[in-house]
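S.K.: Shown below is the structure under consideration.
The values are calculated or read from the model by the stated rules, or taken from the named source; none is laboratory data. As the structure is a computational prediction, the values presented were derived from the model and not from experiment. Counting neighbours? That spans all protein chains shown, and the Cβs are built from the backbone with ideal geometry, glycine included. Keep in mind that these areas ignore ligands, DNA and RNA; they rest on the heavy atoms of the full protein, side chains included. Shrake-Rupley method; radii C 1.70, N 1.55, O 1.52, S 1.80 Å.
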Amino acid sequence: TTKIKDFSNLLIGMRTDTEADISNAVNAVNLALDNINNLNGEITRAMNAGQSTADLEDQRDLSVATVAKYINITTFKSGGVMSVLTSQGQSLVDNDVHKLFFSSSNILPASYYPGGGLSGLTIDSPSGTDIAQANLGGQLGTLFDLRDTTLPQYVTQIDEFSQRLAERFNNEGLKLFTDPSGNVPPNVSNVSPPLGYLGFSAQIQVNNSIVADPNLIRNGTTGNVELSGSNEVIRRISQFALGPYQNQQASGSTPILGIGALTTNLPLTTRNTVVGTVNIASYAPNLSTAPGLTLPGAFTLTIGGVPQTIDILATDTAADVVNTINGFFPGAASINSLGQLNLTASGVAPAATITIGDGPASPPAPNPPIGGAGIAALGLSFTSTLQPQPSFQVQVGTRAPVTISIAPADTSVELLAKLNAIPGLGQWLTASLNGANGLLLVPKDGGNLTITDGIGAPLAALGMTVSNIAPPPFAQNNLGPNSTLSTGLLGNSTLQDYINSLIGSQGEADNLNKAQQTQETSFLQTLDARNKNNSGVNIDQEMSDLIRIQSAYSAAAKMISASQKLFDDLLSALQ
């Protein structure tokens, strides 16, 4: 958090420095414009007096070069007056000077231009034509671009990272990073500037509650205390807050709202089984040899609410009993590999409930009841075996799995209530209906979810599937203090990928600017040399020409002297 705040404050400080640099640049331009205007007058007066203006024009060219250093300009001469105009045609110097006006402001994270507390650049007066948003060029254009675009974009990038860092940790049940008030700024839509987390990177800190109680790092900050020694919170942070997914969820494709009892309408079929404890196939030659079993005799068997009397004759074998039962309840009876009598029933409750009772009193029944000893000889007992309820297991994270049973009368309302209230599950899980009115299970504190089908396969009937859910993406556009900036970075990123992209993007911009500066400096030097070659004075060449002219002058003087001597001699001779 210290490094994030240092970087954010550095960027804000650079914006403040840029504001001061703009003010200094405007002062330098205005001074140069004054010089140009004054020199225009001196040059005009010198020209009218027939005096040389070369030195004055050189001074004026230096002032023009100063203005051109800060903004793009065009110039033209009319007589002795040089007019200076911006690249958009606004006059800076004509027959008078038109100065630039700029007012320095206190830079805040929410400051922006225009309309956000920062000044533009006007001509003639503070209310004059604003040229700051025009293509100024030069150092002033770059300074305004730094103040209003580049540096705010960098602040926006680190604000975006800071908010998502705090949010993604908080989504996993650990509010580790907050503002000074202990809050995680919400991830709000850009309905109006400024954003709710604008400037958060300059305020981010470790939650004061965690500073006071470091155990919260293990227990989480949601109030649900983990078991002593649990690493569940740290595991969620490492795998989900720092990973590509914030949680898993289980979602059903089968609508369950308003369909009534789930066991009847899905349907959730279960299988009920009663297994005998005695090898009745070993009774030979028939069941009459079974100890305690007096034949003929009878017992009652009820499956699905339908009672039937099962008569056993003295000559019946185990296979005969199976056939008798299956005559009433097809497929319900069998002999397993251990010779034991098996009774099975399938269906929707209560169809699969199996009830065994003693035979009806005799008479009127043809055969007497077999009694407790007789039913025991068959490896059974007089009892009712209820159909097991459909069930499934839900496990949130690494905590113990919890079994959820669906009772015969349970509707979607009862199922949701169970899931949200069962101890050991309800505090970790939110159960609701999805958009298709199917069952939706979401871990409250993020992380993973494991569901396991059980009796009756209710998860299959509900159409439940587990999927990975990505966290809210990093915002990319409509950002910054006036909601006009873009981060220029990918939105669907992990925290590490995003900060790597941020560093890489700013590093690339730095390298590009250095290369461009080198290129432009070289280009400027080339143009300057070409200009000097065309309009400048070469001292060596001028000295050589001067010596040549002096020599020619001396030779011409001697020739004139000789000619004068000849004429003098000729005149003397004639006289």
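S.K.: With unit charges on the beta carbon (Lys/Arg positive, Asp/Glu negative), name the residue among Thr269, Leu301, Leu242 whose Cα is farthest towards the positive pole of the charge dipole of the range 216-357.
M.R.: The one lying farthest along the dipole's positive direction is Leu242.
S.K.: Now for a separate question. Whole-Hz ³J(HN,Hα) for each residue in the range 136-150, computed from phi via Karplus 6.51 cos²θ - 1.76 cosθ + 1.60 with θ = phi - 60°, x for glycine and proline: what do you get?
M.R.: My calculation for the range 136-150 gives 5, x, x, 5, 5, x, 5, 5, 5, 5, 5, 5, 9, 10, 5 Hz in order.
S.K.: In percent, how large is the relative contact order of the chain, given Cα pairs closer than 8 Å and 6 or more residues apart?
M.R.: Answer for the chain is 14 percent.
S.K.: Show me, for the range 85-92, the HN-Hα J-couplings you get by feeding each phi into the Karplus relation (A = 6.51, B = -1.76, C = 1.60, θ = phi - 60°), rounded to Hz, glycine and proline as x.
M.R.: 10, 6, 5, 8, x, 6, 7, 9
S.K.: Can you send over the solvent-accessible area of Lys5, 1.4 Å probe, protein chains only, in Å² to the nearest 10?
M.R.: Result for Lys5: roughly 60 Å² accessible.
S.K.: Only helical DSSP H runs with n ≥ 4 go in: add -39500 (n - 2.57) per run for the chain, normalise by residue count and round the 222 nm mean residue ellipticity to 500 deg cm²/dmol.
M.R.: Helix-only estimate at 222 nm: -12500 deg cm²/dmol.
S.K.: Once ligands and nucleic acids are excluded and a 1.4 Å probe is used, how much of Lys444 is accessible, expressed in Å² to the nearest 10?
M.R.: Its heavy atoms expose roughly 100 Å² to the probe.
S.K.: How big is the dipole moment of the chain about its Cα centre under a simple scheme where the beta carbon of each Lys and Arg is +1, that of each Asp and Glu is -1, and everything else is neutral? Debye, nearest 20, please. Show your work: numbers first, answer last.
M.R.: Details: 25 positive and 42 negative charges, 225 e Å.
The calculation lands at about 1080 debye.
S.K.: If you count only protein heavy atoms with a 1.4 Å probe, what accessible area per residue comes out for the chain, rounded to a whole Å²?
M.R.: Accessible area per residue, the chain: 50 Å².
S.K.: Here is a follow-up. Given contacts defined as C-alpha pairs under 8 Å and at least six residues apart, what's the relative contact order of the range 433-516, whole-number percent? Don't skip to the answer; put the middle values down first.
M.R.: Numbers: 44 pairs, mean separation 11.8, N = 84.
Rounded, it is 14 percent for the range 433-516.
S.K.: Under 5 Å between amide H atoms, partner at least 5 residues away or on a different chain: which partners does Arg271 have, H built in plane at 1.01 Å?
M.R.: Gly456
S.K.: Kindly sort Tyr498, Tyr113 by accessible area of their heavy atoms, largest first, with the probe set to 1.4 Å.
M.R.: Working: Tyr498 0, Tyr113 25 Å².
Putting Tyr498, Tyr113 in descending order of accessible area: Tyr113, Tyr498.
S.K.: What is the extension gain from Thr465 to Ser83, computed as 0.36 nm multiplied by their sequence separation minus the C-alpha to C-alpha distance, in nm to one decimal?
M.R.: Details: separation 382, 0.36 × 382 = 137.52 nm, distance 7.65 nm.
Length difference between fully extended and current span is 129.9 nm.
S.K.: Shape call for the range 233-295 from the C-alpha gyration tensor, a ≥ b ≥ c root eigenvalues: rounded (a/c under 1.5), prolate (a/b greater than b/c) or oblate?
M.R.: Working: a/c = 6.69, a/b = 2.40, b/c = 2.79.
Oblate shape, in that a/c is at least 1.5 and b/c is the bigger or equal ratio.
S.K.: Further, regarding this structure: Can you count the Lys pairs in the chain with C-alpha separation below 22 Å, eight or more apart or on different chains?
M.R.: Final tally of qualifying lysine pairs is 10.
S.K.: For the chain, just say rounded, prolate or oblate: build the C-alpha gyration tensor, square-root its eigenvalues into a ≥ b ≥ c, call rounded for a/c under 1.5, and beyond that prolate if a/b exceeds b/c, oblate if not.
M.R.: Numbers: a/c = 5.57, a/b = 4.33, b/c = 1.29.
It is prolate, given that a/c is not under 1.5 and a/b is the larger ratio.
S.K.: Give me the percent of the accessible area of the range 135-229 that comes from carbon and sulfur atoms, probe 1.4 Å, all protein chains in place. All intermediate terms of the calculation are to be shown ahead of the outcome.
M.R.: Numbers: 1990 of 3920 Å².
So the carbon and sulfur contribution to the accessible surface is 51 percent.
S.K.: Can you put Val81, Val26 in order of accessible area, largest first, using a 1.4 Å probe?
M.R.: Working: Val81 35, Val26 5 Å².
From most accessible down to least: Val81, Val26.
S.K.: Just report the Cα centroid separation between the range 122-154 and the range 363-439, whole Å.
M.R.: A separation of 74 Å, based on Cα centres.
S.K.: Determine the order of Leu121, Leu574, Leu338 by accessible area, beginning with the largest, at a probe radius of 1.4 Å.
M.R.: Correct descending sequence by accessible area is Leu574, Leu338, Leu121.
S.K.: Can you give the FRET efficiency to the nearest 0.05 for Asn511 and Gln51, using r as the Cβ-Cβ distance and R₀ = 45 Å? Please report the intermediate quantities before stating the final value.
M.R.: Values: r = 53 Å, r/R0 = 1.18.
Calculated value: 0.25.
S.K.: For the range 466-566, just say rounded, prolate or oblate: build the C-alpha gyration tensor, square-root its eigenvalues into a ≥ b ≥ c, call rounded for a/c under 1.5, and beyond that prolate if a/b exceeds b/c, oblate if not. Display every interim value, and only then the final one.
M.R.: Numbers: a/c = 11.73, a/b = 6.23, b/c = 1.88.
The shape class here is prolate.
S.K.: A further question follows. In whole Hz, with x marking every Gly and Pro, tabulate ³J(HN,Hα) for the range 108-115 from phi via Karplus 6.51 cos²θ - 1.76 cosθ + 1.60, θ = phi - 60°.
M.R.: Calculated HN-Hα couplings, in order: 10, x, 8, 6, 7, 9, x, x Hz.
S.K.: Sticking with this structure for a sec: What FRET efficiency, computed as 1/(1 + (r/R0)^6) with R0 = 25 Å and r the Cβ-Cβ distance, is obtained for Thr484 and Ser23, rounded to the nearest 0.05? Let's see the in-between values first.
M.R.: Values: r = 24 Å, r/R0 = 0.97.
Approximately 0.55, to the nearest 0.05.
S.K.: Sticking with this one: Just name one of Ala460, Asn224, Gln205: the one whose Cα is farthest towards the positive end of the charge dipole of the chain (beta-carbon charges, Lys/Arg +1, Asp/Glu -1).
M.R.: Ala460
S.K.: Same structure again: Taking H placed 1.01 Å from N in the peptide plane, check which residues at least 5 places from Gly276 or on another chain put their amide H under 5 Å from its amide H.
M.R.: When sequence neighbours closer than 5 places are left aside, the close amide H contacts are Leu341, Asn342, Leu343.
S.K.: Packing-wise, with mean Cβ within 10 Å as the measure, how do 174-185, 519-530 rank, highest first?
M.R.: Ranked from most to least packed, the peptides come out as 174-185, 519-530.
S.K.: Moving on to the next point. Roughly to the nearest percent, how much of the accessible area of the range 342-497 is carbon and sulfur, given a 1.4 Å probe?
M.R.: Of the solvent-accessible surface of the range 342-497, carbon and sulfur hold 58 percent.
S.K.: State the answer as a single residue: which of Gly115, Asn95, Gly138 lies farthest towards the positive end of the charge dipole of the range 41-142, with beta carbon charges of +1 for Lys and Arg and -1 for Asp and Glu, about the Cα centre.
M.R.: After comparing all options, I get Gly115.
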